[in-house]
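Asks: Once you've had a glance at the structure underneath, I'll fire off some questions.
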Amino acid sequence: MTTLKAPSPRLLDRYYGDDVAPLYTGRVHVTGGSARHGRASGIARSDDGALEVHLRLPEALGGQGGGCNPEQLLAAAYASCFHGAMTLLAARAGLSLTDARVDAAVTFSRDPVDGLFLLSARIDVALPNLDRNVAAELIRNTERICPYAKMFRQGIGHVVAFAPEGTPPVSTTRND
């Protein structure tokens, strides 16, 4: 098995272009499963085959549980991205992070404004063996550069479109 390596801190080098420069696009195809409902019995598959997740409605929402749910997946994505960005910043600053931990919570709630739903998120970071002032600065700087933190803070550009007839599912679409 190949040894996994963190990306270079050079990933943090500034980009000076006029347009957004895509670096990677993750693609997932979700089907409804036996209940024909993505949250209750869906299956999420990535185009590269690395991800296959059986989605289940959590018991707290009246489901049977027994599988992952979108809030857990989003929390995992947020925590892993934050951890990665923090590690890159620490490396650039010459800091050694031992046993760094990022806990994320994504909460599915009722929205009092429209009566429907909304999401909120929280990140808690543990940086043992690091001076509290240094740790606080590192966390603040990470919150500024982590794309997931930016998404939660600023919103995200998104498009919802009707797929043209005959369009293959994402799992068979080229990854660019």
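A short reminder: the numbers here are calculations on the coordinates, not readings from a lab. Since this is a predicted model, take the numbers as computed values, not measurements. Backbone-built Cβ (ideal geometry, glycine too); neighbour counts: all protein chains shown.
Asks: Based on the Kirkwood radius over alpha-carbon pairs, what is the Stokes-Einstein translational diffusion coefficient of the range 27-68 at 4 °C with 1.567 mPa s viscosity, in µm²/s?
Replies: 127
Asks: Place a +1 charge on the Cβ of each Lys and Arg in the range 51-142 and a -1 charge on the Cβ of each Asp and Glu, then give the dipole magnitude about the Cα centre in debye, rounded to the nearest 20.
Replies: Rounded to the nearest 20 debye, it is 180 debye.
Asks: With Cβ to Cβ distances under 15 Å as the rule, what net charge do the other residues near Leu12 carry (K, R +1; D, E -1)?
Replies: +3
Asks: What Kirkwood Rh does the chain have if only Cα atoms enter the pairwise 1/r average? Answer in Å.
Replies: Computed over the chain, the radius equals 19.0 Å.
Asks: Can you put Leu23, Leu127 in order of Cβ neighbours within 10 angstrom, beginning with the fewest?
Replies: By the 10 Å Cβ count, ascending: Leu23, Leu127.
Asks: Take every DSSP beta bridge with both residues inside the range 27-68 and express the antiparallel ones as a percent of the total, to the nearest 5.
Replies: In the range 27-68, approximately 90 percent of DSSP beta bridges are antiparallel ones.
Asks: Considering every Cα-Cα pair within the range 70-156, what fraction, in whole percent, is farther apart than 14 Å?
Replies: Cα-Cα pairs in the range 70-156 separated by more than 14 Å: 65 percent.
Asks: Oh, and also: Taking springs between alpha-carbon atoms closer than 10 angstrom, which of Asn141, Asn133, Asn69 fluctuates most in the Gaussian network model of the chain?
Replies: Asn133
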